[in-house]
Each structure stands twice: as C-alpha cells, then as structure tokens.
Amino acid sequence: MTVDRTLLQERLISIVRRFPQRRILVIGDSVADQFVYGAISRVSREAPVFILRHEQTETVPGGAANCALNLASLGARVSLVSVAGDDEAGQALVEKLNAAGVDCRGVLTSPALRTTTKVRILAGQLHSTRQQVIRIDYEGEALNDPELVERLHDRILEHTQTADAVIISDYNYGVASAEMVLFTRDAAVARKIPVLADSRFQLSNFAGFTSATPNQDEVEQLLGREFHQLDDLETASEELRERLGYRALLVTRGSHGMILLEDGVAAVHLDAVGGREPVDVTGAGDTVMAAYTLALASDSSFPDAARLAGLQSCGSRSRRGCAGC
C-alpha cells in the first residue's frame, strides 16, 4: 500500500466521521416504490401470460424520500420537505421514513393529493431470482394549491436555518417548480451553505447552484446530442457547468464511473467501484447524491466527495442501484 493511498484513506475516513454531526435538508418529489413479488405458477387460459402466485408486497421510499433515507443510513440528521397524499401509500412512506429517523415534519399530506406510486412486478420460478417484468405508475396530481405551496415555503425557511446543506430532488411531479427552485436556492445562498440539484428533466432551471449529479443520458438529453467519445462528453459537460454557474458538476456514467468537472481544475475521472453489472438501477442516483452532498457538508473537497459517493453506491449494487448511474 502506497503512502499516497494511505493518506487518501485517512482523509476520507476523517470526512465520514463528521457525517453524524451534519444536518441535511432534502426538498422534492417523494415516491412510494412498491415491489410486488410473485412465483410463476402456470400460463393463463385467458391470454398468453403467466399467472403469478403472490408472495409479498413491499413499499419503500423513492425519489426525494429515498435520498433522505440514504442520508439517514449514512448517519446524517435529515429533514424532508415534500408532499404526499392522505392515502395508504403516503402513510406507508411516512412510516418508513420516521422509522429510519428522518424528520418528516415538512412532509405535508392532503386528501386532495394522491401519492405518486410506482408498482414493480417481480416474477420468477419458485427457487429462482425474481426479475422485474412490468411497472405500473400512479402519478400524483399537479401541486397547484397556493396554501400548500406557502406552507412548503415556511417549512423550507424553517429547516434551512439549521441545515449544513440542501438538496432539491426533482422527479418532475410538481414540488420542484421553477419558483420553488429559486426560493430554495436563495434561502441556501443567504446562509452560505451548499445547495445541490438532482433533476431528471429540467436541470437547466437549476442555475446558480453549488453542484449537480446528472447521469450521462440526462446530459445528452439536455444538450440534445449523444457523446460517443469521452473527450467530447468532458468538453460538453464543462461547458454545461459554466453555463449553469456551478462550482462543480459530477456526471455519472454507470459502470464507466464518473467525471467531475470543477471550476478552474482539470477534470477528474473516477472508475466505478465493485462489480460491473447492477441487478436494477432503481435509486442509484439518490445514493450518489446523498453521499456526495453529505461529504461536501462535512468540509470535503469536490474530488473526495465524488470518491465517497462512488464507494457508497458500490454498496448499492442490488435492486436499489449501482455505482455512478
């Protein structure tokens, strides 16, 4: 083992030791991820499809709620500001978060809303691994209640006062509106704490943030072209970072690792850690964002935060995700 490697390990360990003292605020779209497991019993006579014998149904936090759950698992003190319906899925979501130690006082429920729910059917032979065969989405209604939006503002201001960093997790279900993005950014900037964006469809609306963690597909969709050469992806990502005014941009590339673009510093290329093939990439981006943000809140440099994010996501190479995707 080299001296440099030992020094790096000691530096990363010292950052991780600060995790329990940090408080992170997560704002965004919460999703109830429901997994329905079944064993194939026979082929239906009604249609050429398998009949599954139900084994179990599991509901776990997804979206912004999964990001909050990841932070709690890393030892951070976490507050979540979001919305959910006053329904079975919403109740299960809040129960799981409370059990994990997430502060859910900022999760506003309303009978006028339906909790966004993604139902994944996983099937297989009796003694085989269950694999996802179909997903059914129950999407929530648009967030257009002025009173509910004002209450979200109040919760954001309250929790920002004690936060060491803020994450907006945008899954395009309404919480991270353009107005809410600006409101949150300004609240975080006023306290001079990192504010990070995880947006699947509208990262261009998140200008002036500290950093973001798009994957390569999201960068390509945002810029309207594909990148087959690493140099081209690096150049375009740096241009995107400059255009959005970020101090750093972490582009994740699945089994190909990550690229960190930082203002005034040469790009850093990080290899994926662990096995090469994920079982299912559900929630992997939330894992990267959680570790990356918590490290930055713990006085880490951007490269060390990216390294820790890669190591954390390595432990998620299962149904909940894989490194750098």
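Which pairs do you get when a residue that is on the phi > 0 side of the Ramachandran plot and in contact (Cβ under 8 Å) with a residue 60 or more places away in the chain, found in segment 60-71, comes within reach of a residue that is hydrophobic (A, V, I, L, M, F, W, C) and buried (at least 24 other Cβ atoms within 10 Å of the Cβ), reach meaning Cβ atoms under 8 angstrom, with the pair 6+ apart or on two chains?
Listed pairs, sorted by first residue: 63/31.
Tally time: how many residues in segment 72-112 are of a type in the set (Lys, Arg) and either more than 20 Å from the chain's Cα centre (by Cα) or farther than 15 Å from residue 32 by Cα (or both)? Explain how you work it out, then say what you get.
Filtering segment 72-112 for residues of a type in the set (Lys, Arg) gives 77, 96, 105.
Filter again for either more than 20 Å from the chain's Cα centre (by Cα) or farther than 15 Å from residue 32 by Cα (or both), leaving 77, 105.
Looking only at that region, the number is 2.
What strands (runs of 3 or more DSSP E) lie completely within segment 1-115 and have 2 or more residues being in contact with a strand residue (DSSP E or B) (Cβ under 8 Å, 6 or more places away or on another chain) and open to solvent by 20 Å² or more (accessible area, probe 1.4 Å)? Give the derivation first.
Details: elements: 23-28, 30-43, 50-63, 77-85, 103-110.
Output list reads 30-43, 50-63, 77-85, 103-110.
Please name all residue pairs, on different chains or six or more residues apart, with Cβ atoms under 6 Å, provided the first residue is in segment 78-101 and is farther than 16 Å from residue 113 by Cβ and the second residue is small (Gly, Ala, Ser) and open to solvent by 10 Å² or more (accessible area, probe 1.4 Å).
78/72; 100/72; 101/72
Do we find a residue being open to solvent by less than 60 Å² (accessible area, probe 1.4 Å), closer than 23 Å to residue 104 by Cβ and of a type in the set (Asp, Glu) anywhere in segment 140-157?
No, that holds for no residue.
Can you give me the number of residues within segment 200-245 that are in contact (Cβ under 8 Å) with a residue 24 or more places away in the chain, surrounded by 14 or more Cβ atoms within 10 Å (Cβ to Cβ) and outside any helix (DSSP H, G or I)?
Residues that pass the stated criteria total 12.
The values are calculated or read from the model by the stated rules, or taken from the named source; none is laboratory data. Values in this document were obtained by computation on a predicted structure and should not be read as measured data. Please note: Cβ atoms are built from the backbone with ideal geometry, for glycine as well, and neighbour counts cover all protein chains shown. Note: areas computed on protein heavy atoms with side chains; ligands, DNA, RNA excluded. Shrake-Rupley method; radii C 1.70, N 1.55, O 1.52, S 1.80 Å.
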